[in-house]
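The values are calculated or read from the model by the stated rules, or taken from the named source; none is laboratory data. Remember, it's a predicted structure, so these values are computed and weren't measured experimentally. No Cβ is skipped: glycine too gets one built from the backbone with ideal geometry, and neighbour counts run over all protein chains shown.
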Amino acid sequence: MNYPKGPNGYTLKLFRVFANSLRFLAGKGVVNLLDEGSPLSANERELVILRVTANLNCEYEWGLHVSVFSEAAGLSKEQVAKTKTGCSTDPVWAKRQSLLLKCVDEICDDSKVHETTYAQFQKTWDVQQQLEILALCGNYHTVSFVANTSRVEREDFSALFPSG
């Protein structure tokens, strides 16, 4: 069976779990939303992923994205830590980032953007971007459920959750 490859051709531990399902391997369980065709910037995409995986205590996926993508996405070490330990109103966030994190938190908590936030959500991101945000939230819920329930061990090169 051909496994998807991670950095340097290494098969990530999570992909080894996915290999138990042909549907997952065929992209029917989790869709690859890390392509260059994303309507979101890399910064916004990674903020969504880091916040969802932090909210769901999925250190495996959070640490993987921190180690592989966060620097290229322009996230500072302080911002990365705040995706786990901070709130959307922390001063490390620009206004748009703060709103994005607030939306992600609401989606994670209540499966929707709250009425009080919805107008800003619609005004800030176009329909394609809104759908991408929702798809990322759903996708990384699934990834977190699989990684956490399967007790996938952290990759040797992956970051740990910050303390505190």
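Residues in segment 152-161: is at least one out of contact with any Leu (no Cβ under 8 Å at 6 or more places or on another chain), outside any loop (DSSP other than H, G, I, E, B) and either over 13 Å from residue 53 (Cα atoms) or not aliphatic (A, V, I, L, M) (or both)?
No, because not a single residue in segment 152-161 is out of contact with any Leu (no Cβ under 8 Å at 6 or more places or on another chain), outside any loop (DSSP other than H, G, I, E, B) and either over 13 Å from residue 53 (Cα atoms) or not aliphatic (A, V, I, L, M) (or both).
Of the numbered conditions (1) part of a helix (DSSP H, G or I); (2) in contact with a Leu (Cβ under 6 Å, 6 or more places away or on another chain), residue 88 fails exactly one; give the number of that condition.
That leaves (1) as the condition not met.
Tell me which of these residue 130 doesn't satisfy, since it passes every other one: (1) farther than 18 Å from residue 83 by Cβ; (2) surrounded by fewer than 16 Cβ atoms within 10 Å (Cβ to Cβ); (3) not small (Gly, Ala, Ser).
Result: residue 130 fails condition (2) only.
Go through segment 98-127 and count every residue that is among the acidic types (Asp, Glu) and crowded, with 16+ Cβ neighbours inside 10 Å. If you could, list the steps in order and put the result at the bottom.
Here is the first cut: in segment 98-127, the residues among the acidic types (Asp, Glu) are 105-106, 109-110, 115, 126.
Next cut, crowded, with 16+ Cβ neighbours inside 10 Å only: 105-106.
Looking only at that region, the number is 2.
Residue 112: charged (D, E, K, R), modelled with pLDDT of 95 or more and in a helix (DSSP H, G or I), yes or no?
Numbers: charged (D, E, K, R): yes; modelled with pLDDT of 95 or more: yes; in a helix (DSSP H, G or I): no.
Answer is no for this residue.
Which residues, taken from segment 44-85, are without any contact (Cβ under 8 Å) to a residue 40 or more places away in the chain, among the polar types (S, T, N, Q) and assigned to a loop (DSSP other than H, G, I, E, B)?
Of everything in segment 44-85, just one residue is without any contact (Cβ under 8 Å) to a residue 40 or more places away in the chain, among the polar types (S, T, N, Q) and assigned to a loop (DSSP other than H, G, I, E, B), namely 76.
Condition check ((1) over 14 Å from the mean Cα position of the chain (by Cα); (2) surrounded by 23 or more Cβ atoms within 10 Å (Cβ to Cβ); (3) β-branched (Val, Ile, Thr)) across all residues:
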position: 49; (1), (2), (3): no, yes, yes
position: 54; (1), (2), (3): no, yes, no
position: 61; (1), (2), (3): no, yes, no
position: 64; (1), (2), (3): no, yes, no
position: 67; (1), (2), (3): no, no, no
position: 71; (1), (2), (3): yes, no, no
position: 85; (1), (2), (3): yes, no, yes
position: 91; (1), (2), (3): yes, no, no
position: 94; (1), (2), (3): yes, no, no
